[in-house]
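Asks: Can you read through this structure? Questions will come right after.
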Amino acid sequence: MATAALPQDPDLDQLRNQARELQRAVRHGDSRALTRVTRWHPDPPPAERFPLTAAQLVLAREHGFPSWARLRRYVQIVTARAWTPGPAPEGEPLADRFLRLACLTYSDDETADRVTAAQLLAEQAWIAGLLRPYGSCRLRSTGGGVLNVSVRLGS
């Protein structure tokens, strides 16, 4: 059972650095590091010769992976498929602006973006027509003058 969760946007270099830090801590006899090794490594090597591969295995198992290779592959896949919207480019088309604001990103997400997207859709209804070949787009009032937008792609 994993005891540490990976961040939303895991970084393989950061994980390698954490493994190196664990290796150094074990070699220096740090009690917390030694406890981690005892818990997560099936056959820990001696602390004075603790290799980086052993530290990587401990780190992988703490995150719920059976090996460093599996953790590394997972991070590579997530990184390759991740999309983090940047700031709006100069002269951004309205449809692009709407999608940037309406889409949930799970990081730096702002409810105000959805409100702005709903207002943009209310003012520029033609945007919904652009999405029709790819899915559907609905605008509804949630009361108190707040508009909510629902975009469903692939339906």
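A short reminder: the numbers here are calculations on the coordinates, not readings from a lab. Quick caveat, the model's predicted, so the values are computed rather than measured. Please note: Cβ atoms are built from the backbone with ideal geometry, for glycine as well, and neighbour counts cover all protein chains shown.
Asks: Set the Förster distance to 30 Å, then compute FRET efficiency between residue 39 and residue 82 from the Cβ-Cβ distance, nearest 0.05.
Replies: Given R0 = 30 Å and the Cβ-Cβ separation, E is 0.50.
Asks: How far, in nm, would the chain grow between residue 24 and residue 52 when pulled straight, counting 0.36 nm per residue and subtracting the alpha carbon separation? List each step's numbers first, then the result.
Replies: Details: separation 28, 0.36 × 28 = 10.08 nm, distance 0.90 nm.
Contour length minus Cα-Cα distance gives 9.2 nm.
Asks: Assuming R0 = 22 Å, can you tell me the calculated FRET efficiency for the pair residue 32 and residue 6, based on Cβ-Cβ distance, to the nearest 0.05?
Replies: The computed FRET efficiency comes out at 0.60.
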